[in-house]
2 protein chains.
Amino acid sequence: MHTMTGNDAAGGGLRERKKRATRAALAEAAVRLAAEHGADQVTVEAISAAAGVSVRTFFNYFDSRDDAFVVVDADASGRVRRAFLAAPPGLPPLEALREALAAELREAERQHELWSLHARVLRSAPHLLVRNLGAQMADESGLAEAIARRIRAGDDQDAAGAPPEDDADRAAPELYPRLLAAVAGTAVRVSVQHWCERPDEVSFAGVFREVFDLLAAGLPAPAR
Amino acid sequence: MHTMTGNDAAGGGLRERKKRATRAALAEAAVRLAAEHGADQVTVEAISAAAGVSVRTFFNYFDSRDDAFVVVDADASGRVRRAFLAAPPGLPPLEALREALAAELREAERQHELWSLHARVLRSAPHLLVRNLGAQMADESGLAEAIARRIRAGDDQDAAGAPPEDDADRAAPELYPRLLAAVAGTAVRVSVQHWCERPDEVSFAGVFREVFDLLAAGLPAPAR
DNA sequence: CACAATTTTGCATGCCGTGCATTTTTGCAT
DNA sequence: ATGCAAAAATGCACGGCATGCAAAATTGTG
C-alpha cells in the first residue's frame with residue numbers, strides 16, 4: 001500500500017511505470033473533460049474511453065468517480081513535510097511551515113495549465129472542492145506529526161537527555177501541532193480561493209505572504 | 001432557499017413544523033442506525049423505514065444519502081452570526097467570534113447524547129467527516145460576510161459618513177474576513193477532534209480556550 | 001520459450017439519485 | 001364545515017455508480 005519504492009520520476013519496473021501512466025492518463029482525461037463539459041456531465045465511461053481503458057479498470061485506480069477530479073499530486077504532502085523538517089533549526093514552526101509551503105506552491109505553478117483547469121473545475125463544482133479539501137485533511141495528520149517531531153528536536157537542543165519514548169505517544173497527538181497543521185492548510189486554501197477571484201489585481205505570493213503575516217500577528221482587526 | 005421566516009423553535013405554519021419534524025426524524029434515524037450498524041451498512045431504505053416515510057421522500061429532504069449523517073442543526077450558523085454581530089462593539093473580531101462560538105457550543109452540549117453518537121459516526125467514517133467539513137465550509141461564506149459587516153460598522157464609529165454602497169461589493173469579499181471565518185471554523189474542528197480523543201483528561205471549554213489563545217498569540221512555538 | 005504473477009476486462013448485481021405523474025395532506029376562503 | 005388550490009408524499013421507471021468474480025491478456029523470470 002505504501003509504495004515504498006522511491007516513487008518520484010522513474011520507479012524501477014515497467015509494471016509500476018505503466019500503472020502510474022494509466023493513473024495519470026485517467027486523472028488528466030477526467031479534468032479535461034470536466035473543464036469542457038462540466039464535471040457532473042462526465043461519466044466514468046467517457047473518462048475511461050478517453051484514457052483508453054475499460055470502465056472496470058477505472059475503478060481499479062479510483063475508489064469513486066470524483067476521486068479522479070480531486071487527486072492531483074499524491075506526494076506533494078511528503079515534499080512539504082520534508083522541506084519543513086529540513087528548515088533551519090532556529091526558525092519558529094509557523095515560519096518554517098510558511099517557507100515549506102511557499103516553495104511547494106512555487107513548484108506547483110510550473111504545470112500552470114493543468115493547475116488552472118483543475119482550479120476552474122473545483123470552483124464550478126462545490127461538491128468536488130469539498131473532496132479536495134478532504135484530501136488536504138488527510139495530509140493534516142502526517143503534517144501534525146512532523147510538526148511535533150520538529151518541536152521535540154528543538155527542545156532536545158536545550159535538554160540533551162532524550163526522552164525514552166521516541167514515538168510512543170504517536171497515537172495521542174498534542175494540541176499545538178494539530179492546530180498549526182490545520183490552520184496552515186486552511187491558510188493555503190483561503191489564499192488560493194482569494195487569489196483565484198482576482199487573478200490580475202495581486203500576485204499569489206503576495207496574498208500568501210499577507211495571510212501568514214495575519215496569522216503570525218494573531219489575526220488582529222485590520223486597520224483602515 | 002433562505003427560509004426567511006424566523007426558524008427557531010416554532011416556525012409559524014403547521015406545514016413547516018411537520019417538514020422540520022420529518023427532516024429531524026430522518027437525520028436522527030440515520031445517525032442512530034449508523035452508530036449501530038456502521039455508516040456504510042445503512043441504506044436509504046432502512047433510514048426511510050425507521051423514520052416512517054418512503055424512500056422517495058427521503059430524497060425530497062436530502063440531496064444524497066450522506067447528507068442525512070452530516071447535517072445536525074441547519075440554523076446553528078445563523079445563531080452564531082447573530083451572536084457575533086450582537087457582541088459589544090469594542091471587542092476585536094477574533095474575541096467576538098470566540099464568544100459567539102463558545103455560547104453556541106455550550107448550547108450544543110445540551111443534546112449531549114445525539115452529539116456524541118454523531119461524533120462517533122463521523123470518526124468511524126472519514127468519508128462523512130469530509131462532508132461534515134463541507135457543511136462547515138458552506139457556513140464560512142456567510143460568516144465572512146458578517147465579519148466584514150462588523151468591521152465596517154466599527155469603522156463607521158470613527159468616520160460617521162456612511163459609504164453609499166451598503167452591500168455592493170458583496171460579490172468580492174475581502175481577505176481578512178474570509179481568513180478569520182475559515183480559521184475559526186478550523187479551530188472549532190480541531191478543538192472537537194482533540195477533545196473527542198481525551199473525553200476525561202480535559203474539558204471541552206478548556207481545549208477551546210487554549211486553541212483561541214494560541215490563535216490570538218500568533219501560533220508561537222510552545223514553551224516547555 | 002514456458003510459467004507464475006499481476007493486470008485488465010466483461011458480466012452480473014445492487015444501491016444511489018432523479019424525473020414524472022398520481023395520490024394524499026395542508027392551509028385558506030367561503 | 002366544506003370545497004379548492006398549493007404543497008408534500010408516494011410509486012414507478014430509468015440511468016449511472018460501485019463491487020465481486022472469473023476469464024483473458026500482459027509482464028517479469030528461469
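A short reminder: the numbers here are calculations on the coordinates, not readings from a lab. These numbers come from a predicted model, not from an experiment. With ideal geometry, Cβ positions are generated from the backbone for all residues, glycine too; neighbour counts draw on all protein chains shown.
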Descending Cα extents along the principal axes, segment B:51-147, whole Å: 51, 26, 25
State the dimensionless ratio Rg/Rh of chain B (Rg: radius of gyration of Cα atoms; Rh: Kirkwood radius). 1.00
Env charge @ B:R209, Cβ radius under 13 Å, K,R +1 / D,E -1, value -2
Assigning unit charges at the beta carbon (Lys, Arg +1; Asp, Glu -1) and nothing else, what dipole magnitude in debye, to the nearest 20, does the protein assembly as shown show about its Cα centre? 1080
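On alpha-carbon atoms, Rg over Rh for segment B:14-70 using Kirkwood Rh? It would help to have the intermediate numbers written out before the result.
Values: Rg = 10.5 Å, Rh = 11.1 Å.
Rg/Rh: 0.95.
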In the Gaussian network model of chain A, springs joining C-alpha atoms below 10 Å, which of A:A68, A:A108, A:A144 carries the largest mean-square fluctuation? A:A108
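Would you tally the net charge around A:Q111, using a Cβ to Cβ cut-off of less than 14 Å, leaving A:Q111 out, and scoring K and R as +1, D and E as -1?
Working: positive: A:R32, A:R106, A:R110; negative: A:E28, A:D73, A:E104, A:E107, A:E109, A:E113.
Overall, the nearby charge balance is -3.
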With the label 7 angstrom out along Cα to Cβ, how close does A:A46 come to the same site in each of the other copies, in nm, nearest first? 3.5
If you project the alpha carbons of the protein assembly as shown onto the principal axes, what extent comes out on each, in Å, largest first? 68, 59, 53
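Are there any helices in chain B, counted as whole DSSP H runs, that stretch 27 Å or more along their axis by Cα and score at least -0.5 on average by Kyte-Doolittle, and if so which? It would help to have the intermediate numbers written out before the result.
Details: long enough: B:14-37 (34 Å, -0.61); B:126-158 (48 Å, -0.46); B:175-197 (33 Å, 0.57).
The answer, listed by residue number, is B:126-158, B:175-197.
Counting only other chains, and only Cβ atoms inside 10 Å, what mean value do you get across the residues of B:182-193? Intermediate values should be presented prior to the final figure.
Numbers: counts 8, 10, 2, 2, 12, 4, 0, 5, 10, 3, 0, 6.
That average works out to 5.
Just from its helices, what would the mean residue ellipticity at 222 nm be for the protein assembly as shown, if runs of 4 or more DSSP H residues each count -39500 (n - 2.57) and the sum is divided by every residue, rounded to the nearest 500 deg cm²/dmol? Before the final figure, lay out each step's value.
Values: 20 runs with 302 residues, N = 448.
Only helices count here, giving -22000 deg cm²/dmol.
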